[in-house]
Amino acid sequence: MLNIVLFGPPGAGKGTQAQRMMDATGLPQVSTGDMLRAAVKAQTEVGLEAKKYMDAGALVPDEVIIDLIKDRMKEDDAKNGVMFDGFPRTVPQAEALSEIVNVSIVLAIDVPDERIVERICGRFSCGNCGVVFHDQFNPLPANGCACGSFMEKRRADDTEETVVARLKAYHQQTAPLAEFYQKKGLFSLVDGDRDIDLITTDLLAAIN
C-alpha cells in the first residue's frame, strides 16, 4: 500500500503535480477541503458536525477531520493507498494520521517565498470562460482570450499582504511537520521553482 503526503506553500503548484501523480500512480487524491464539502452536502453525521463549525466561521476541529479520513480510507478506491493533499498541516494531525494509516513518503514542493508572491499576485482569469492568465508568465494574448469575450477577474485575496500572511502561517505550521517526518525518514524535498515536467520527474523518482 502506498500512502503519499503532498505538501507545499500556497501557489507552489500542488494542484498540477497532484493530478500528474494521480495519473501516474492511479491513487485517489484525498483533500480534506473536498471531503468536508462532500460530507456536508451528503449530510453525513460527520458532515453535519463539521457544518456547525463552518457556519460559525470557525476551524473544523482535528477530531472531525480525522473521522472524515477514517471514513474515506474504508472506500474501495483507497485499498491500494491514497495521496493526501493539504493534510496533515500540523504535528498533532500527523500523529493522529499515523494511527489510521502508514504514511509511505512525504513529498514537499519547495518554492521561495518571493516567487510565491510573484506567482499568486500576478494571476488573473477570464470571468467568462475561466482560463487562467498571469501578468508575467502567461499574459493575455494580443488578440484577447480565445472565448472572444474576455472579462478580467482577480481574486480579492491575491494581494501581496494577504499572500505574505498566508506564507507566514504555512511556515509556522509546516516547519515542525517537516522535522516530524524527517525523523521518521519519510521526508523528501523537491525544488518547485523549475519547469513543471522536471518537478514531476523528481516527485515520481522519490516515490519509486
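Annotations for the structure displayed:
- Pairs linking a residue in the stretch 153-166 that is without any contact (Cβ under 8 Å) to a residue 40 or more places away in the chain and of a type in the set (D, E, K, R) to a residue that is surrounded by 13 or more Cβ atoms within 10 Å (Cβ to Cβ) and in a loop (DSSP other than H, G, I, E, B), with Cβ atoms under 9 Å and 6 or more positions apart or on different chains, are Lys153/Gly127; Lys153/Asn128; Asp158/Gly122.
- Residue in the stretch 170-188 that is closer than 19 Å to Arg115 by Cα and not in a helix (DSSP H, G or I) present: no
- Evaluation of Met22 against (1) part of a helix (DSSP H, G or I); (2) of a type in the set (A, V, I, L, M); (3) exposed (fewer than 14 other Cβ atoms within 10 Å of the Cβ) (one fails), failing number: (3)
- Candidate set: the stretch 29-53, residues that are β-branched (Val, Ile, Thr) and surrounded by 19 or more Cβ atoms within 10 Å (Cβ to Cβ); chosen: the one nearest to Thr16 (Cα to Cα): Val30
- Single residue of the stretch 61-87 satisfying the filter (within 17 Å of the chain's Cα centre (by Cα) and part of a loop (DSSP other than H, G, I, E, B)) that is surrounded by the most Cβ atoms within 10 Å (Cβ to Cβ): Val82
- Within the stretch 88-106, the set of residues being within 22 Å of Pro9 (Cβ to Cβ) and either assigned to a helix (DSSP H, G or I) or without any contact (Cβ under 8 Å) to a residue 12 or more places away in the chain (or both) comprises Val91, Pro92, Gln93, Ala94, Leu97.
- Considering (1) at pLDDT below 95; (2) under 29 Å from Gly185 (Cα atoms), the lone condition that Ser104 does not fulfil carries the number (1).
- Of the residues making up the stretch 90-108, those that are within 16 Å of the chain's Cα centre (by Cα) and closer than 11 Å to Val5 by Cα are Ala94, Ile105, Val106, Leu107, Ala108.
The values are calculated or read from the model by the stated rules, or taken from the named source; none is laboratory data. Note that the coordinates shown come from a computational prediction; the quantities given were computed from them, not determined experimentally. All Cβ positions, glycine included, derive from the backbone under ideal geometry; neighbour counts span all protein chains shown.
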